[in-house]
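Please treat every number below as a calculation from the coordinates, not as lab data. None of the values given here were measured: they were computed from a predicted structure. Cβ coordinates were reconstructed from backbone atoms using ideal geometry, including for glycine residues, and neighbour counts include every protein chain displayed.
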Amino acid sequence: MSPRRLALALALLVSAACNDGAVTSESASTGSSADTGEPTGGPLPDPCDPALPPIPEAEFAERFAETICEQKLACGCNLNVTCSLDFFDGFALIRDDGQNLGLTYDGACAARKLAGLVQSRGCAHASEIDVSPSCTLDCLVYRGAVAPAGACTSSSVLLTTLFADKCAAPDNCSADVCSPPLPTVAEGQPCVTPLANCKANAACDFAGSKLCEPLRGVGEACLDNGVCRQDLYCAGDGKCLARAAADAPCTDNKECASRRCTANKCEEWVWICAIDEEIDIFGRHPSDF
């Protein structure tokens, strides 16, 4: 066991002695109160910072597992004493798959993903995090060299496909063929047939026009030819409404800024505390966990 892993394991064991196996940052020697929602240790890392030190391949699984568990401690989450070991296996599988397939490791991309998908979110509530952080989803930790239109096979493990691909950048393996990324089209252009991404300030109206529609604001129509901004939702009357804050009455998850409606009340929650599996770092909606 490495010194970092050993140190974290010892901290968890010491904390568990007073918590019957469940650990919180309030019983640890570092971290901050869950009431403030702000971890200690200085400013949060910027995933777009070119100065982020690359993560060596030999440390990939360990760094992701330890960082998730350390952040849980700092944010006052309950966690098992085996936290780092539990997460380590999933990330080790990604590393092993990449090596067995002969793919090339990108330590700079690994650092961006760790910063954007874990560290930069700190102790933020679910309503505050960005599920598509910049400089995070635009790279893959493991890359192959299969040429465009070449034959490829995607991993059957979803987590691996989010970190690795046999195709040479920027292509991705789709239907066993290395295909270019989806094109980005302007407002008014088709986005379903053919499938495409929409430019900023627009979104694909899959249920209605199947075109890239400008994002609608509060009170604007959202059925048939409109898509609401991310902080809004399409209400039953066909108008965009603001998502409600914690403790507001609700009947559906989409009505809450936290995307969680419990017992007809919007419930806020600390994002990192809901991370139970490796793939959870890509989600926010409670159904993702």
Extension gain, residue 265 back to residue 252 (0.36 nm per residue minus Cα-Cα distance, nm): 3.8 nm
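Looking only at Cα atoms, what is the convex hull volume of region 46-177 per residue, in Å³?
Numbers: hull volume 15.4 nm³, N = 132.
Cα convex hull per residue, to the nearest whole number: 117 Å³.
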Pair residue 230, residue 80: separation of 7 Å Cα→Cβ label points (nm): 3.2 nm
Normalised convex hull volume, region 43-91, alpha-carbon set, Å³ per residue: 86 Å³
Principal axes of region 62-132: Cα extent on each, largest first, Å: 39, 29, 15
Taking the convex hull of Cα positions in region 153-234, its mean projected area over all directions (nm²): 6.6 nm²
Long pairs among 166/254; 113/210; 199/239; 72/199, criterion Cα-Cα beyond 25 Å: 166/254; 113/210; 72/199
Summed residue charge, Cβ within 9 Å of residue 271's Cβ, Lys/Arg positive, Asp/Glu negative: +1
